[in-house]
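Only one structure is covered here, and it is reproduced in the block below.
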Amino acid sequence: MGKTLSEKILTSKSGGEARAGDIVIVQVDLAFVQDGTGPLAVRVFESSGFQQVANPNGTALFLDHAAPSPARELSNDHILLRNFARRTGVRLYEVGDGVCHQLVAESLAGPGEVIVGADSHTVTAGGLAAFATGMGSTDIAMAMALGKTWLRVPETFRIEVSGTFQRSVAAKDLILYLIGLIGADGATYKALEFGGETVDRMAMPDRLTIANMAIEAGAKVGLFPSDETTRQYLGTMGREDKYLQLAADPGAVYERTVGIDASTLEPQVSCPHTVDNTATAAQLKGTRVQQAFIGTCTNGRVEDMAIAAAILKGRKRHPDTRLIIAPASRDALQKAIAAGHIQVLLEAGAILDPAGCAACVGIHQGVLGDGEACISTANRNFHGRMGNPDSYIYLASPATAAASAITGEITDPREFL
Amino acid sequence: MILKGKVYKLGDDISTDHIIPGRWFHLRSNLPELAKHVLEDVAPDFASTVKPGDFLVAGKNFGLGSSREHAPLVIKMAGISAIVVESAARIFFRNAINLGVPVLMCDTSRIMHGEELEIDLAGGVIDSPARPGERITFGRIPEVMLRILDEGGLVPYISKYGDFKL
Ligand code: SF4
């Protein structure tokens, strides 16, 4: 019987047959924490009597959520993590380097690896065919100490995508649409596996955007096969040696198959306060937004800046709408500067936040005021997410966010591009 | 083991941002202070009314969102002895078990705010003494998680066995 991508990776990493429903112990290739979950993980690690991590090269700490720190408590958490890195020799990514998931994709992940991170969007590396999933601080502390973890092999939903996207419609619209279709708990405990002709042609940034949001349907992983696109991406990032060709077997068993025709999709928006509360941008015309935020591990790549710049070139943000740009990594920021995108965005009236999580998690750099609404390229619009329970978050693509920044209301980007 | 306690009832889709809002991010290394804010945007009287041993009961997709283990931790610190929900998000579920807090999944629609319940963890049933005959059965927790729960969480489990055991 053929295997799904999850079954293949977990079979290889557990050294036994791994089938959906089995509980397996797997070797972990990369375990990581960020500055919100790391201090607790370090405390659990140390109070359990561990001194050494099993694999320093496969362990990483990221200072990205509070970057630079807005409060002394968080600065002290950063000191704790830096000291831990110094003591154990694990990798440390500093304030300003970028968001953990983008840095994992750029510099660490490879096909067929098992990656566990104390952050729910660890699933992002599924775009590179890594079995990557989020856990809590205690699980990661033990994975760092032992170099392994336990996993239940998930059943898989196959998402089969055909057709070509319309102008100004892209990966973000596809994943928002899918979550609207199956629900915010539609894939709880399951693997999402993406395939089909559209996926075969899809660029790596788009795969990462889609994998990133698998968790918003409750999924454990969002997996793409690895192919020539993966090999080239790894090559650009200087680690082609990590390439491994991986695809599901033809006879793999899927719990459910969902077909999507990309050519029928319109720009999508998730309305407050759940990601599955989707509508089209056109349907929401007239909804005022006081802030537009383009960034995060979902849509903070140079390709996203390019789309925003193409729409905002020669135009200005609406006088009542702040436009905040936060590249997801130093590399994305430098490439966006080199390509001239940042200049275009600044001329349009944008504010440039440091590379990192920025306004996404509601602690700094773009907290919303009472009654305000934000159109954001992030992945979550929960009640209170951006720091104020009396505010509203609409999720959309960089194109829709940029178009809305111009008009001051939710706008279908096809009006501009 | 039979757990006895009172119900604090919430609705569907309670996210980790509800349980411990991101604006208190800077208190994550100060757990007693952080715990004061548990569920404050949806249930402002939760922290002040819950007694040790009480149950948190909710609807579907409880704990969706971030991996912050601080979410089940502040619920545990409030004194909650078991979380009873229609369904739970995967990471939250695993985190709660790792902290030694059982998460039980069943039909919670008939459970009422403020009522007393008796939960038989091993037997898999929930009884309401005030409403005899209204027995609810909950889904089985996977064996590996039961063993972690039995030891009081993942840290005591690893301390005892030194490794994961299937
Ligand atoms: S950018 Fe947002 S969603 Fe991504 S890791 Fe940072 S806080 Fe989480």
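Bear in mind these aren't lab numbers, they're just calculated from the coordinates by the rules spelled out. Values in this document were obtained by computation on a predicted structure and should not be read as measured data. Cβ placement follows ideal geometry from the backbone for every residue including glycine, while neighbour counts extend to all protein chains displayed.
Observations
- DSSP-defined antiparallel bridges as percent of all bridges, the stretch B:35-110, nearest 5: 0
- Efficiency of FRET between residue B:125 and residue A:23 - r from beta-carbon atoms, R0 22 angstrom, step 0.05: 0.35
- Surface/4 estimate of mean projected area, convex hull on alpha-carbon atoms of the stretch B:95-136, nm²: 3.6
- With a 10 Å cut-off around each Cβ of A:131-141, the average count of Cβ atoms from other chains is 6.
- Listed residue (A:218, A:267, A:198) projecting farthest to the positive dipole end of the stretch A:193-268, Cβ model: A:218
- Most positive-pole-ward Cα, A:343, B:66, B:95, against dipole of the protein assembly as shown from beta carbon charges: A:343
- Listed by number, the DSSP H helices of chain A that run 20 Å or longer by alpha-carbon position along their axis and have mean Kyte hydropathy of at least -1.0 are A:72-88.
- Exercise: per-residue mean of other protein chain Cβ atoms within 10 Å, B:54-65: 3
- FRET efficiency for residue A:390 and residue B:48, using Cβ-Cβ distance with R0 set to 25 Å, rounded to 0.05: 0.70
- Remark: the stretch B:1-111 is approximated by an ellipsoid whose semi-axes, taken from the C-alpha gyration tensor as √(5λ), come to 20, 15, 13 Å, largest first.
- Helices in chain B that qualify as membrane-span-like (whole DSSP H runs, Cα extent of at least 15 Å along the helix axis, mean Kyte-Doolittle hydropathy of 1.0 or higher) do not occur.
- Only the Cβ atoms of Lys and Arg (+1) and of Asp and Glu (-1) were treated as charged; on that basis the dipole of chain B about its Cα centre amounts to roughly 300 debye.
- DSSP-defined antiparallel bridges as percent of all bridges, the stretch B:2-161, nearest 5: 45
- Hydrodynamic radius of the stretch A:81-159 per Kirkwood, over alpha carbon pairs, in Å: 13.8
- Relative to its Kirkwood radius, the Cα radius of gyration of the stretch B:60-166 gives an Rg/Rh of 0.98.
- Inter-site label distance for residue A:201 and residue B:166 at 7 Å from Cα along Cβ, in nm: 4.2
- The largest-to-smallest principal axis extents of the Cα set in chain A are 58, 52, 38 Å.
- All C-alpha pair distances within the stretch A:268-416, sorted into 5 Å bins from zero, spread as 2, 12, 22, 26, 21, 12, 4, 0 percent across the bins.
- Computed FRET value (nearest 0.05) for residue B:29 with residue A:48, which takes r as the C-beta separation and R₀ as 22 Å: 0.80
- Per-residue ellipticity at 222 nm, computed for the protein assembly as shown from helices alone with -39500 (n - 2.57) per DSSP H run of at least four residues, works out to -8500 deg cm²/dmol.
- Diffusion coefficient, µm² s⁻¹, Stokes-Einstein with Kirkwood Rh over alpha-carbon pairs of the stretch A:1-88 at 10 °C and 1.306 mPa s: 104
- With the simple model of a label 7 Å out from the Cα in the direction of the Cβ, residue A:282 to residue A:417 spans 1.9 nm.
- Among A:146, A:405, B:19 - extreme Cα towards positive end, dipole of the protein assembly as shown, charges at beta-carbon: A:146
- Number of partner chain Cβ atoms within 10 Å, mean per residue of A:269-276: 2
- Largest mean-square fluctuation among A:384, A:222, A:356, in a Gaussian network model of chain A whose springs join Cα atoms under 10 Å apart, belongs to A:384.
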